[in-house]
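Each remark here refers to the structure printed beneath this line.
The values are calculated or read from the model by the stated rules, or taken from the named source; none is laboratory data. Keep in mind it's a predicted model, so treat the numbers as computed, not measured. Ideal geometry is used to build each Cβ from the backbone, glycine not excepted, and the neighbour counts take in all protein chains shown. What goes into the accessible areas is simple: the full protein's heavy atoms, side chains included, and nothing from ligands, DNA or RNA. Shrake-Rupley method; radii C 1.70, N 1.55, O 1.52, S 1.80 Å.
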Amino acid sequence: MPPSHPFDDDKLKEECGVFGAIGLKDAANFVALGLHALQHRGQEAGGIVSYAPEAGFNSARRFGYVRDNFTKASLMETLPGSLAIGHVRYSTAGSKGQTAIRDVQPFFGEFSMGGAAIAHNGNITNADSLRRELIERGSIFQSSSDSECIIHLMARSLQRNIPERMKDALRRVEGAFSVVAMTRTKLIGVRDPLGVRPLVLGKAGDGWVLSSETCALDIIGAEFVRELDPGEMVVISEEKGIESFHPFEKRASRFCVFEHVYFSRPDSILGGRSVYETRRQIGIELARETPVEADLVCPVPDSGTPAAIGFSHESGIPYGMGIIRNQYMGRTFIEPTEQIRNMGVRLKLNVNRALIEGKRVVLVDDSVVRGTTSRKIKEMILDAGAAEVHFRIASPPTAWPCFYGVDTPEREKLLASFMSEEEMREHLGVDSLKFISLDGLYRAAGHPEGRNNSCPQYCDACFSGEYPVAPTDMIAKGFQTKAAE
């Protein structure tokens, strides 16, 4: 799935996706399929590492989409074995926007007891201090990625096997991480103590798979077994099956609520709930909280669609596809000429003029970050003859950056950080602008009582400014948290 709006930086960029398989013939092929299903989590680059006793460890890392690289027989034949892991990347740490191939995961390290590869979804908030410490002690880094710290911490551990070394390393790490790793005989999955990022376990024939989302299990016909618990490590081997450990101090879960709003695919299951159903319910809550007189409810494709369906159902206002998405928008336009760039979102989205003309239109979108795309879409709707334009946003105002694996603009570039709702409405030039409340979002996500302010059920720092793990590196660079203001 290509990025929602490739012409500007008006959407939060997905983190990364990880997938691993063990006990499957030509496991790398299954990993490639899984990564294809997780493409929405990172479109910049991908990599796969496999192991076969007769061939050892083999790896392939490529820029671009999975479909353009890991569907070639000539490449997949270089990744033999029944054990493999993979990663799709959007750069959230390291050299954003100018990634070198050395930054593409999985990372590999050779230890005294054998090799290990690791793929990481999330962000390490104390990576700068760890990196300085490791370099001072002789570590030589090959990439600019925060994830490489884990490999070096493992190398310095005195434990006798790789899973124990990984426990040692991850106890030093702060922030958010869902990790899929492999040795010569084991597939390993770990979630951070807060469970900020998703990781699920599936059964495929006689083998096992780990994945960022359940939609990637579906593509290979794997059975969803369960989500890993926050703070859990599973070690899977053909000899012992699944072993489960809890190497971290137990903490209250703080899963990322934006996974429900935008990041995860709507056909995935999170916390036992359908993502699609949660997004539809967000639309229902939005209609209850922010009613409006209008003639048509229209989603901003594609992420606004389930919420628009819910809004229409609850409000009784007819639903219509007032904006059509060009499904064949290829990578040709990711670096467009200035002339093409000036066409803006029209290359990506087009207004259904016959449906829009003369109507009072409710546009439902998942978020407003900078507001640049929202303004362009509003102009397109008015140019098509709409009588009124009302924005309804399926998340609260995004006023704080995320430091847990999502590439967000600096705080001063987030519209909601320096404008009130009314000021944003005037800035966008729409007849009305309303966001779902935090309590409404929590109700839609399955918590009828709303947000527990003393101990929130999710990480919602991008809305509330309440960071469950202090962003140590950013504070050292001068960032002020809400508590410090």
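Tabulated data
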{"read-out": "Cβ-Cβ under 6 Å pairs, at least 6 apart or on other chains, segment 266-282 side among the aromatic types (Phe, Trp, Tyr), far side open to solvent by 40 Å² or more (accessible area, probe 1.4 Å)", "value": "276/266"}
{"read-out": "Long-range neighbours under 8 Å by Cβ, at least six apart or interchain, first residue closer than 22 Å to residue 257 by Cα within segment 467-482, second of a type in the set (Lys, Arg) and surrounded by 18 or more Cβ atoms within 10 Å (Cβ to Cβ)", "value": "468/254"}
{"read-out": "Some residue of segment 218-227 being under 22 Å from residue 308 (Cβ atoms) and buried (at least 18 other Cβ atoms within 10 Å of the Cβ)", "value": "no"}
{"read-out": "In segment 296-331, the residues that are more than 27 Å from the chain's Cα centre (by Cα) and either open to solvent by 50 Å² or more (accessible area, probe 1.4 Å) or over 22 Å from residue 351 (Cα atoms) (or both)", "value": "313, 314, 315, 316, 318, 319"}
{"read-out": "Complete set of residues in segment 64-86 that are surrounded by fewer than 19 Cβ atoms within 10 Å (Cβ to Cβ) and touching a Ser or Thr at 6+ places or on another chain (Cβ under 9 Å)", "value": "78"}
{"read-out": "Residue match in segment 446-464 (condition: assigned to a helix (DSSP H, G or I) and more than 27 Å from residue 90 (Cα to Cα))", "value": "no"}
{"read-out": "Residue 130 open to solvent by less than 10 Å² (accessible area, probe 1.4 Å), in contact with a Lys or Arg (Cβ under 8 Å, 6 or more places away or on another chain), closer than 22 Å to residue 196 by Cα and not in a strand (DSSP E or B)", "value": "yes"}
{"read-out": "Test: residue in segment 409-419 that is open to solvent by 30 Å² or more (accessible area, probe 1.4 Å), of a type in the set (S, T, N, Q) and touching a Lys or Arg at 6+ places or on another chain (Cβ under 7 Å)", "value": "yes"}
{"read-out": "The listed residue being more than 29 Å from residue 141 (Cβ to Cβ) and buried (at least 24 other Cβ atoms within 10 Å of the Cβ), out of 190, 209, 196", "value": "209"}
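For (1) open to solvent by 10 Å² or more (accessible area, probe 1.4 Å); (2) at pLDDT 95 or above, each residue gets a yes or a no:
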site: 402; (1), (2): yes, no
site: 426; (1), (2): yes, yes
site: 436; (1), (2): no, yes
site: 444; (1), (2): no, yes
site: 474; (1), (2): yes, no
